[in-house]
Amino acid sequence: MEHPFHVQDLQLDAARELAIIRQPLLFACLTRLERFLFTRSQAVTTISRAMAARIRDKGVAAERVHLLPNWADLEDIKPGERRNLLRRELGLNAEIMVLYAGNMGEKQGLEVILDAAAITRYNQGIRYVFVGEGAARKRLMDLAQRLGLETVSFFPLQSRDRFPLLLNAADIHLVVQKQKASDLVMPSKLGNILAAGRPFIATARPETELGRVTTESQAGLLTPPEDAGALAQAIVHLAQDEDARKKMGLKARQFAEAWLGRDKIMAEWERLLYGLVNQAR
C-alpha cells in the first residue's frame with residue numbers, strides 16, 4: 001500500500017476509552033483493520049505529538065510517523081473588536097462572554113461548563129455562550145433549563161463569514177475534553193482561537209498535547225479535566241483580569257503566526273510528499 005495515511009483523530013482508541021464501542025468482536029475487527037492500514041502505508045501523518053507516540057506504539061516504525069499539525073486561517077481570522085455586531089446580536093454588551101464554539105458531542109464532556117456556570121450563576125457579569133450543533137446539544141440545553149441557568153445561552157452554528165466575528169466577540173474561549181479522551185484527539189478549534197488572538201481555558205492535564213500547547217503558547221490557563229470547581233475559578237480569575245486577557249491574546253496570535261501558518265505547514269507537506277515519491281522510485 002504505497003501511499004501516506006493521515007490520522008486526524010484516533011477514533012478507535014477514543015471509542016474504546018469512552019465505551020462508545022461495546023462489542024468485543026467489532027472492536028477486534030476494527031483494530032486489525034487499523035493496524036493493517038498503519039503498517040502497510042508508506043507513511044503515517046498526524047496532528048499532535050501525543051497521537052504520533054500512540055501510532056508508534058501500535059507498531060509503526062518511528063521514521064514513518066510524521067507530525068503535520070492543522071493550520072490556522074491567519075488571513076480571514078485576525079484579532080478584532082470584541083464589541084462587534086455579532087456580539088450585540090447575541091444580546092451581550094459589557095458582560096464577559098465565555099464561549100464554547102464547535103461540535104457538542106459526547107467525548108467533550110461539556111456538562112462541566114454547565115456545572116461551572118451553576119457555580120458562578122449569581123455573577124451576572126459572566127455569560128456562557130454555546131454555539132454549534134451535535135449529538136449532545138439537546139441534552140445540554142435540557143440540563144441548563146433544569147438547573148435554571150439564566151447566564152447560559154445556546155445558538156446555532158454560524159456561517160463562515162460570521163465565524164471570525166464570533167471568535168472576536170468572546171472574552172474567554174473554552175477548550176474542553178474528558179480525561180480519557182485527552183490525548184486521542186486534538187481540538188481543531190484551538191488554532192482558530194489562537195489566530196483570533198483570544199485567551200482560552202483548556203481542561204487537560206499538563207502532560208497531554210493540549211496541555212503542552214497551552215503552556216508553550218502562554219495564551220491560556222489549564223484546569224484538570226472534569227473539574228467544574230477549578231474551571232469556574234479560572235473563569236472568574238480571567239474575567240476579573242483584563243490585563244491578563246490582553247497579554248494572553250497577544251501571545252495567542254504570536255504563537256499562531258510562528259507555528260500554525262498555512263504556508264509553513266503546506267511546505268512541510270510538500271517536503272514529505274516529494275520525499276515519499278523519491279523513496280518510491
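Side notes on the structure shown:
- The ellipsoid that matches the Cα gyration tensor of the stretch 1-71 has semi-axes, each √(5λ) in whole angstrom, of 21, 15, 9, with the longest given first.
- The chain - Rg (one decimal) and Dmax (whole number), Cα, Å: 19.9, 67
- Pairwise label distance in nanometres, GLN158 with ARG22, each label 7 Å out on the Cα-Cβ vector: 3.8 nm
- Linear extension gain, GLU150 paired with LYS247, 0.36 nm per residue minus alpha-carbon span: 31.9 nm
- Highest average first, the peptides 74-82, 90-98 ordered by how many other beta carbon atoms sit within 10 Å of their residues are 90-98, 74-82.
- Our summary gives the chain a relative contact order of 21 percent, counting only alpha carbon pairs under 8 angstrom and 6 or more residues apart.
- Computed magnitude of the charge dipole of the chain (debye, nearest 20; Cβ of K, R +1, Cβ of D, E -1): 340 debye
- Among the trypsin sites (Lys or Arg not before Pro) in the stretch 1-49, those located in a DSSP loop and surrounded by at most 11 other Cβ atoms within 10 Å of their own Cβ are ARG22.
- Charged neighbours of ILE96, selected by a Cβ distance under 13 Å, balance to +2 (K, R count +1; D, E count -1).
- 32 Å Cα-Cα threshold exceeded, pairs from LYS138/LYS251; LYS78/LYS107; LYS58/LYS78: LYS138/LYS251; LYS58/LYS78
- Shown for the chain are the DSSP H helices of 15 Å or more along their axis, judged by Cα atoms, with a mean Kyte-Doolittle hydropathy of at least -1.0: 24-40, 228-240, 262-280.
Coordinate-derived values only; no laboratory data. Only a predicted model underlies this, so the values are computations on that prediction, with no experimental measurement involved. Cβ coordinates were reconstructed from backbone atoms using ideal geometry, including for glycine residues, and neighbour counts include every protein chain displayed.
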